[in-house]
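Participant: Okay, here's the structure, questions in a sec.
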Amino acid sequence: MKRRDFMKNALVFVSGASISASALEFIDPKKVLADNPDLRWAFLVDTHKCVGCGFCVKACKTENDIPMGANVTRTWVERYVTKKDGKTVSDSPKGALNGFTNKKIDQNHSGMLEVPDEDIAQAFFVPKLCNHCEIPACVQVCPVGATYSTKDGVVLVDRKWCIGCGYCIMGCPYGVRFFHPTEHVADKCTFCYHRISKGGNTACAQACPFEARRIGNLRDPNDPVAKAVLNQRVGILRDEYGTKPQVYYLGLNKEVH
Amino acid sequence: MKGHVWRPLFVVIALVVFILLFRAVYVPDDFGVQDRGYTFGFHRLSNEDEWKEYPAKYKGTEYCNECHDDKVEEVSISSHEMINCENCHGAAFDHPDDPETLTINRSRDLCIRCHSALYMPSSGRNDIPGIDPAEHNTEYECADCHNPHNPSLEEM
């Protein structure tokens, strides 16, 4: 064998070996959609109806074994108070685990701020949870294939496979991921996959007295959530990231981010 | 060609074979590209079922109604009808087997989640009757006077 041939063959072998079989597969998004025409979970939050009781947060923590005392939660509620001078202040004490019972707004290092009623132009609550994005940034950054999107659109974490590197926690534009204090893996809202897969409701939506939180199937034209997303003026959070979030909000304000 | 050219190649081949063997043993069969493609669906398929089998703690009003239909009926005609039993009584788990009794939360902290008066225009909170918890009969629990299953003030 000549040196030239050897180099040629080596180059072909190395470049061939470095392409994994899966990289050659062509993914057609239309095919992916057609494969799963019946089910795509989505969430609808009505901020007009939310009263900030925080029962959703308590229910979520109980249902999903997130330690009550730990300063992490899969869902939380934020309070926004817009003053008549146009300034907005917001807080979420303990993620609203115990609801909002005080007029004082927690401003972290600047202390507690009490806005007099007559200065308030708008005030409302915004529940937050994982957006189960169509293009989830957190999944793309996982180096080991521990977090993934199911065919019905739910983003989950494989606790046996997660190495706890924390890339996904940094990658999520919505800050919904956290490090589980006892499982020692990345954790996030699962849309209560164990409940909705068996025809149930999510723990947070079930605990909500005012139907401010609802889960539904976007592919079912008769589903109340799908109808609202189609027919009403719904907003999504941080559209500019291009992640196509699947938690839709009624009554979203520009102050909410 | 001489041996010193081939020897490193044997090492590389041995390394590749070792990695492939290790992968075959370590990586489960169902790990791979699933429905959402390489970018979003690269995972262990059986983990989906593991999540589906996660035990539920909250059982819902229908479950409570199987035995406590009188209480469910009582609440259903009151202005607290929208509140899920388990919000105050605690998650059912496998009640009545385990736990045998549920611990009811009768604290003021529970009631003021909704009934602490906050000025929240453009929110449903404004439509709920509210009190100032620092002023309103601070020495009593709410349930001493108000019946949570029928909070109507006329019935007090």
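The values are calculated or read from the model by the stated rules, or taken from the named source; none is laboratory data. Please read all numbers here as calculations on a predicted model, not as lab measurements. Here the Cβ is made from the backbone with ideal geometry for all residues, glycine too, and neighbour counts use every protein chain on show.
Participant: Spot the failing condition for B:S107; the list is (1) of a type outside the set (F, W, Y); (2) at pLDDT 95 or above; (3) exposed (fewer than 13 other Cβ atoms within 10 Å of the Cβ), and only one is missed.
Facilitator: So B:S107 meets the others, but not (2).
Participant: Within the stretch A:135-179, track down each residue that is in contact (Cβ under 8 Å) with a residue 60 or more places away in the chain and within 24 Å of A:R238 (Cβ to Cβ). Lay out the reasoning, then the answer.
Facilitator: Quick first cut of the stretch A:135-179, residues in contact (Cβ under 8 Å) with a residue 60 or more places away in the chain only: A:135-137, A:151-154, A:173-174, A:176, A:178-179.
Result: A:I135, A:P136, A:A137, A:D152, A:G153, A:V154, A:P173, A:Y174, A:V176, A:F178, A:F179.
Participant: Also, I was wondering about something else. Answer yes or no as to whether B:A134 is under 26 Å from A:K94 (Cβ atoms) and more than 10 Å from chain A (Cβ to nearest Cβ).
Facilitator: It is false that B:A134 is under 26 Å from A:K94 (Cβ atoms) and more than 10 Å from chain A (Cβ to nearest Cβ).
Participant: Here's another thing I want to ask about it. Output the number of residues of the stretch B:69-95 satisfying the condition of being within 28 Å of B:E155 (Cα to Cα) and within 23 Å of the chain's Cα centre (by Cα). Before you say what the answer is, go through the steps one by one.
Facilitator: Within the stretch B:69-95, the subset within 28 Å of B:E155 (Cα to Cα) is B:69-90.
With the extra rule that they be within 23 Å of the chain's Cα centre (by Cα), the set shrinks to B:72, B:80-90.
Selection size over the stretch B:69-95: 12.
Participant: In addition: Check B:Y140, B:Y119 and return the single one that is more than 27 Å from the chain's Cα centre (by Cα) and within 9 Å of chain A (Cβ to nearest Cβ).
Facilitator: B:Y119
Participant: I'm told A:C138 meets every condition in (1) touching a Cys at 6+ places or on another chain (Cβ under 7 Å); (2) within 21 Å of B:W51 (Cβ to Cβ); (3) facing chain B (nearest Cβ under 9 Å) except one. Can you identify the failing condition by its number?
Facilitator: Going through the list (1) touching a Cys at 6+ places or on another chain (Cβ under 7 Å); (2) within 21 Å of B:W51 (Cβ to Cβ); (3) facing chain B (nearest Cβ under 9 Å), A:C138 breaks only (3).
Participant: Within 16 Å of the chain's Cα centre (by Cα), in a loop (DSSP other than H, G, I, E, B) and surrounded by fewer than 18 Cβ atoms within 10 Å (Cβ to Cβ), is that true of A:H257?
Facilitator: Details: within 16 Å of the chain's Cα centre (by Cα): yes; in a loop (DSSP other than H, G, I, E, B): yes; surrounded by fewer than 18 Cβ atoms within 10 Å (Cβ to Cβ): yes.
Criteria met by A:H257.
Participant: So, of the residues in the stretch B:67-99 that are within 13 Å of another protein chain (Cβ to nearest Cβ), hydrophobic (A, V, I, L, M, F, W, C) and assigned to a loop (DSSP other than H, G, I, E, B), which turns out to be farthest from A:A203 (Cα to Cα)?
Facilitator: Looking at residues that are within 13 Å of another protein chain (Cβ to nearest Cβ), hydrophobic (A, V, I, L, M, F, W, C) and assigned to a loop (DSSP other than H, G, I, E, B), I get B:M82.
Participant: When B:Y63 is evaluated against the numbered criteria (1) touching a residue at least 40 places away in the same chain (Cβ under 8 Å); (2) assigned to a helix (DSSP H, G or I), which criterion, by number, is the only one it fails?
Facilitator: Unmet condition: (1).
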